[in-house]
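Q: The structure follows.
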Amino acid sequence: MSADQLDPKRLQDWCDRADKTWEVVYSHFLRPPELASAVVYLQRLGDLHYLAWGGFAQAERQILAIARKELDLDTARVPLRALSITGNFLFDPASHRDFLGAMLGTGIERHQIGDIIILGDRGAQAIVANHLVDYLEMHLNQVRTVPVKTKAMDLSQLQIRPPQQKEIVTTEASLRLDALASAGFSMSRSKMVDLITGEEVRVNWQAVTSPSHQLQTGDIVTVQGRGRLTIGEITVTKKERYRVHLLRLI
């Protein structure tokens, strides 16, 4: 089993419980590759359906709801909540890692935390498992050196930045991952090779460590902290090179 895939025994347990109990079964927060592997499995089942929700449409980490097809699934019932984490970070800026570290420092586990939205010097907003709200309101009181106030908030108050799209057309000698990804993410090919071999690049949510990996239309390439790249139409020029349309979400 790949480290990026969800434990198949755990997934099977969720499905068995949903089938036998006629109740909606909820997962913890899943990373994109875990969710992708789970969806592939669930699409093969005839009696069950599913819904994935992370608190807002573009959420990367999501909770999976699984139930028999006779039962309705509703995002409003997914057991997650939003938190505001406010403080004055003007003189001690905090990153995503800082907020995550502070939350983990209270004793909770990573899979209980969804996306974290950084609000600059004002703090952050976070999606967490529903049952942790009271706990974090009480125990999350500092990030770096900054005192913070942690409070539950409505999902409608999340300050989500709409994803920005950038269309790119590149002509390459091959469809290698390092070639297309370097063009799509506007960086040198040598830097992209370092990221690929350093396991920071994923294709269709699966880690790929070979720069020569061949891409095709519909593939999604992600680079940690740099957004998402979708491989669009591919045509061959008269000089037998590949003209590739790319769509980058940042």
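Q: So how many residues does segment 114-133 have that are closer than 20 Å to Leu90 by Cα and either assigned to a helix (DSSP H, G or I) or more than 18 Å from the chain's Cα centre (by Cα) (or both)?
A: 5
Q: Could you please find all residues in segment 66-87 being of a type outside the set (Ser, Thr, Tyr) and in contact with a helix residue (DSSP H, G or I) (Cβ under 7 Å, 6 or more places away or on another chain)?
A: Ile66, Ala67, Arg68, Pro79, Leu80, Arg81, Ala82, Leu83, Ile85
Q: I need the full set of residues from segment 18-29 which are in contact (Cβ under 8 Å) with a residue 40 or more places away in the chain and not aromatic (Phe, Trp, Tyr), in order please.
A: Those that are in contact (Cβ under 8 Å) with a residue 40 or more places away in the chain and not aromatic (Phe, Trp, Tyr): Ala18, Asp19, Glu23, Val24, Val25, His28.
Q: Could you please tell me which pairs satisfy a Cβ distance under 8 Å, a separation of 6+ or placement on different chains, a first residue in segment 153-179 that is free of Cβ contacts under 8 Å to residues at least 40 places away in the same chain, and a second residue that is assigned to a helix (DSSP H, G or I)?
A: Asp178/Arg189; Asp178/Met192; Asp178/Val193; Asp178/Ile196; Ala179/Arg189
The numbers here are math on the coordinates, done by the rules we state, and not lab data. This one's a predicted model, so the numbers in the text were calculated from it and none came from an experiment. Every residue, glycine as well, gets a Cβ built from its backbone with ideal geometry; the counts of neighbours run over all protein chains shown.
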